[in-house]
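The next block holds one structure in the form of structure tokens; read it before the comments.
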Amino acid sequence: MASSNIREKTHPGPRQYITIAVILVIMTAIEVGVFFLTITPAAMTGIILFLALGKFALVVGYYMQLRYDDRKFLYIFTAGFVLALFVMVALMALFNNLTR
Amino acid sequence: MAHVEPIEEQTSTGLNNRKLLMWAFLGSDCMFFGALISTFMVYRGRSGTSILQFHEAHDAIKDAIGISVGTLSIILILLAVVAFAVNLIVMNRGVVKQIIPAVLTLFVIVVIFQSAWIAGHHPEFTAHECTEMGGIVLPDNESCELILAENVLDIPLTSISTFVLLMSSLSMVMALAALERNNLPGFRTWLTATCLLGVAFLGFQVFEFNAFLQEGLTPRENLFGSTFYVLTGFHGAHVTLGVLWLSSLVVASFKGKVTQKSALDVEIAGLYWHFVDIVWIVIFSVIYLIGAYGIG
């Protein structure tokens, strides 16, 4: 609990925000590039999911500042996110979507 | 960068309640979009309507009773009307007592009639005709999928709209950074840019939906249409709400209601906007890239 009315925190600055944006654009470009490559669906799915997860983490961590904020925010958001992932995997497994 | 964040009030968690509520909402929204995305993936490649199977059932009934299902349903409707009139006039039963059985009977008849209409009006394809028309015969060998995800999803166009939304996230954090430095003109410029980029993204979505409708893909066409429009439509609704929210902040800043002290208000709006962005990151990757790579 905050002991005073003022709290010092360190957030990223504009230079870091722009760097993150450049990384996000490059990752998106790689995703689209992989889509047009002739590779196996499994490899393509793996690469795209990995890049999507990376982009997700960058936006949540830096733009939404969860990396710098109070851990309780992280726990609350992660609880919903993990539950959502669990529901997705369970539903797709139930309909044999993971294996076909 | 170090900055000073004023805490408005003491709470039992030590956290700002509004920010806490926003994070809780975003966590719950993860589950909402997770359900929609997984529903799309579950039905991926299963969009073919079993029209050939239905035609077989229709023909079997016709062979057995000698009349078509359509004619049968019209006879049933006439019989129901006669029975209703006999009950009412001859047996002198009250109208109220007849409502439930009458509604149930009519419901069954309408279902039969509608099914007969579908059977009579849906074109029947052979496997060869299905392939000739650019569709595929689904693994059950009795369904034809005419509108395929890989045929209608425009990856280059959606890549541009994805870029637009990513840039809107950048302008959003730049707006917040400007406000924290008490740079109000900078804040207004960046936030207006965010709104315009959001509107541009919605424009792309409207263009895409219109193109799909031209292709004949409506929400009622098949499972792909239903799940796709519901998912991307709800995301579009979130973007629209975000644009309205951010626009109201721009207007409020001109009225002097948004200052450095209200940076937390802007931060909370920004959390919502970035969430819309991360949902699109997942939709673009899973629905457009992975979804369009395979069938359906």
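Computed quantities for the displayed model
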item	result
Exposure proxy order (Cβ contacts within 10 Å, fewest to most) of B:190, B:273, B:245	B:245, B:190, B:273
Contour minus Cα-Cα distance for residue B:264 and residue B:199 (0.36 nm per residue)	21.0 nm
Gain upon complete extension [residue B:245, residue B:32; 0.36 nm per residue less C-alpha separation]	74.6 nm
Hydrodynamic radius by Kirkwood, which averages 1/r over all alpha carbon pairs of the range A:13-68, in angstrom	12.1 Å
Length released on extending from residue B:206 to residue B:181, taking residue separation times 0.36 nm less the Cα-Cα span	5.3 nm
Label-point separation, residue A:57 to residue B:214 (7 Å along Cα→Cβ), nm	4.1 nm
Inter-chain shielding of B:35-42 (mean C-beta neighbours from other protein chains, 10 Å cut-off)	5
Sorted by Cβ density within 10 Å, fewest first, the residues B:241, B:249, B:20	B:241, B:20, B:249
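Rule-based calculations on the coordinates, nothing more; no lab input. Since this is a predicted model, take the numbers as computed values, not measurements. For neighbour counting, all protein chains shown are included, and Cβ atoms are generated from backbone atoms with ideal geometry for every residue, glycine included.
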